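Data block below; observations after.
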Amino acid sequence: MPRFFILVAVLISTAIGCRKPDNPHQPPINPPLLISIDSVIINPSGYAPLTALVLFSSTVNGKTFIKIQGKHGPDTDVEHVFNDYGLHHAVQVIGLYSEYLNTVNIRLISNKGDTVAKTTLNIRIGALPPNLPTSIIADVFQPGQVEKGLLLVSNLSTVNPQIPLMLDNYGEVRWLLNYSTHKELNRLAYNNGLKRLRNGNFYFGDVRSKKIYEIDLVGTVMHTWDLSKTGYEFHHEVDEKPDGNLIVSVTKTGSKNFEGIETIEDYIIEINRRTGAISTVWDLKESLDEFRFSLIETPDDWIHVNAVLYDSTDNTIIVSGRHQGVIKLTFENKIKWILATHKGWTRNRRGEELDRFLLTPLAYDGSRITDTAVLNGTKNHPDFEWTWYQHSSIALPDGNFMFFDNGDSRNYDPALPKYSRAVEYRINAKDMTIQQVWQYGKDRGLETFAPIVSSVQFMPGSNHVLFCPGNRVKNEQGFGGKIIELDYVTKKVVLQLSISAVIRAGFHKAKRISVYPE
């Protein structure tokens with residue numbers, strides 16, 4: 001993709017000394033300063049058309065503050081202060097609009113916090129690529145009540161390649177990646193989508209190339225981990241550990257069950273971030289029962305891992321198996337607990353009886369639920385429901401866990417009314433009990449039902465939940481997904497975006513993030 005250059009020279013004509021300083025305790029700065037804009041490079045990587053790189057220099061040292069002015073007032077501004085103290089600056093501008101003359105304010109900040117120079121740029125961006133969502137509608141938006149930041153959406157509206165987006169609260173696209181001209185990622189299939197590394201970059205696995213990629217904010221590939229020669233293939237999830245290593249859900253080439261049937265999506269590996277070596281392997285056929293088919297009889301795809309979460313509190317991993325339940329495992333592949341209906345568990349290859357790892361549900365008053373039908377999942381308790389085909393395991397600040405409970409074939413009965421939930425559980429690993437403490441979505445029924453994919457997020461700063469049914473959700477404009485932000489305590493919806501697409505797919509997951517890493 002060609003790059004476009006805008007050459008700009010800006011003279012600050014108003015003497016800084018003629019205004020009040022930002023810090024009234026500091027003397028005014030004199031004389032007037034010159035910012036020289038060397039160039040503005042639109043889409044510097046060739047893959048992120050709503051970004052730009054601004055190169056400029058100044059006659060005094062400072063760090064850069066930028067503000068991309070939003071169409072809909074301050075709530076849609078994107079602001080950031082860079083740690084680039086010096087005379088020469090190269091700043092990435094993220095959050096521009098397509099087919100719009102964007103206003104970008106740039107200020108140079110001294111080490112005392114004063115603005116020593118400033119300018120304004122106008123940047124026009126062309127049209128968006130084809131095959132994006134057919135509509136993105138803000139059904140509900142309460143300005144001033146939503147969490148800050150944009151919405152990172154692992155969009156599914158197009159294939160070859162899939163194109164992730166960032167949306168603002170009005171449904172405007174403010175960032176996207178289009179790898180259609182990339183030599184490896186032109187058929188990108190990222191499954192569970194993009195996540196942010198601790199260093200501020202993004203990362204994802206690609207089913208097509210069998211690699212895991214680290215990219216910067218403008219889509220430049222910074223690092224790759226190639227699985228093609230390891231005997232494993234990426235399929236769904238990558239999670240970053242605090243030490244930087246990567247936990248990856250994979251398929252092992254040639255893996256077979258005891259009946260000789262090749263199996264898929266039933267291994268987890270840990271990749272050394274620095275060397276790329278595989279340091280830990282979990283064969284789930286060793287720890288679980290590969291012949292338990294209580295939900296769906298698919299001997300090859302018997303577990304279908306769709307999420308992996310590292311738990312630093314006890315150095316374990318939490319594995320979401322779409323066809324089995326949620327399992328906590330040690331790094332020795334030993335089971336700590338199983339969150340699933342009690343139906344159909346026998347023993348694993350080691351001969352361990354698996355029912356001793358099953359969590360027992362509690363009622364709201366703390367009493368154990370003993371009804372066999374509830375335990376086995378054929379009916380619900382007023383205070384408790386199991387998850388069904390769940391996705392998106394997250395840990396909450398108080399130690400509880402939240403999941404997106406898709407709800408397909410709930411209670412083993414496809415004919416029952418459909419609904420998906422965000423559901424929170426409190427798990428006591430010592431007593432081997434589980435208590436449902438919060439849920440949202442059941443009362444909304446089909447309007448927020450998503451049989452596959454989807455995600456949840458908890459935002460402790462605002463005490464909000466992002467409930468995101470992502471696929472085959474019926475909207476007024478078609479089918480796709482919904483992004484719903486609600487208050488955890490009151491369950492009041494402060495934002496709802498409906499995303500529709502021709503192929504009836506909205507997204508794998510959505511997450512509210514700061515545009516620039518914090």
Exercise. Keeping the other protein chains in place, figure out the carbon and sulfur percent of the accessible area of the chain, with a 1.4 Å probe.
Key: 50
Quiz item: If you plug each phi of the stretch 282-295 into the Karplus form 6.51 cos²θ - 1.76 cosθ + 1.60 with θ = phi - 60°, what whole-Hz ³J(HN,Hα) values come out, in order, with x for Gly and Pro?
Solution: 10, 8, 6, 6, 7, 8, 10, 9, 6, 10, 8, 10, 5, 8
Quiz item: Along the charge dipole of the chain, which of His235, His323, Val281 sits closest to the positive end, that is, farthest toward it, with unit charges on the beta carbon of Lys, Arg, Asp and Glu (+1, +1, -1, -1)?
Solution: His235
Quiz item: Expressed as a rounded percentage, what relative contact order does the stretch 370-511 have, with Cα pairs under 8 Å and six or more residues apart?
Solution: 16
Quiz item: Counting only heavy atoms of protein chains, what accessible area per residue, in Å², does the stretch 392-518 have with a probe of 1.4 Å?
Solution: 38
Exercise. For the chain, give the magnitude of the charge dipole about the Cα centre (Cβ charges: +1 Lys/Arg, -1 Asp/Glu; no others), in debye to the nearest 20.
Key: 920
Exercise. Pairs to check: Lys67/Lys118; Lys211/Lys509; Lys195/Lys241. Give those whose C-alpha atoms are more than 18 Å from each other in this structure.
Key: Lys211/Lys509
Quiz prompt | Relative contact order computed over the chain (Cα-Cα under 8 Å; 6+ residues apart), in percent | solution = 11
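Taking the solvent-accessible surface of protein heavy atoms with a 1.4 Å probe, what is the per residue accessible area of the stretch 100-202 in Å²?
With the other protein chains kept in place, the stretch 100-202 gives 39 Å² per residue.
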Quiz item: Of Ile271, Ser294, Leu121, whose Cα points farthest to the positive end of the dipole of the chain (charges on the beta-carbon: +1 Lys, Arg; -1 Asp, Glu; origin at the Cα centre)?
Solution: Leu121
Self-check item: Rounded accessible area per residue of the stretch 248-364, 1.4 Å, Å²
Solution: 38
Quiz prompt | Rounded to the nearest 10 Å², the accessible area of His88 at probe 1.4 Å | solution = 140
Quiz item: So what is the calculated 222 nm ellipticity per residue for the chain, using -39500 (n - 2.57) for each DSSP H run with n of 4 or more, over all residues, to the nearest 500 deg cm²/dmol?
Solution: -500 deg cm²/dmol
Self-check item: Amide H contacts under 5 Å for Leu53, placed H, 5+ residues apart
Solution: Ile41, Ile42, Asn43, Val93
Quiz item: Picking from Gln436, Phe202, Ser98, whose Cα lies most toward the positive end of the charge dipole for the chain (charges on Cβ: Lys, Arg +1; Asp, Glu -1)?
Solution: Ser98
Quiz prompt | Under 5 Å, built H, 5+ apart or other chain: amide partners of Thr280 | solution = Glu270
Quiz prompt | Solvent-accessible surface ranking, highest first, for Arg292, Arg273, Arg107, Arg504 at 1.4 angstrom | solution = Arg504, Arg107, Arg273, Arg292
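Given Cβ point charges of +1 (Lys, Arg) and -1 (Asp, Glu) and nothing else, what value in debye, to the nearest 20, does the dipole of the stretch 388-518 about its Cα centre take?
240
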Quiz item: Taking a 1.4 Å probe, which of Phe234, Phe141 shows the most accessible area, and what order do the others take after it?
Solution: Phe141, Phe234
Practice problem: Return a whole-number percent for the relative contact order of the stretch 177-251, with Cα pairs under 8 Å and 6 or more residues apart as the contact set. | Solution: 21
Exercise. Go through (1) 171; (2) 161; (3) 209 and flag the label whose value is the computed volume of the Cα convex hull per residue in Å³ for this structure.
Key: (2)
Quiz item: Applying the Karplus parametrisation 6.51 cos²θ - 1.76 cosθ + 1.60 with θ = phi - 60° to the phi angles of the stretch 321-329, what ³J(HN,Hα) value in whole Hz is obtained for each residue in order, glycine and proline being reported as x?
Solution: x, 3, 9, 10, x, 10, 10, 9, 10
Quiz prompt | Estimated vicinal HN-Hα couplings, Hz - the stretch 512-518 in sequence order (Karplus 6.51, -1.76, 1.60; Gly, Pro = x) | solution = 7, 9, 6, 4, 9, x, 7
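The values are calculated or read from the model by the stated rules, or taken from the named source; none is laboratory data. Keep in mind that this is a model prediction, so the values were computed, not measured. Virtual Cβ from ideal backbone geometry, glycine too; neighbours counted across all protein chains shown. All accessible areas refer to the heavy atoms of the entire protein, side chains included, with ligands and DNA or RNA removed. Shrake-Rupley method; radii C 1.70, N 1.55, O 1.52, S 1.80 Å.
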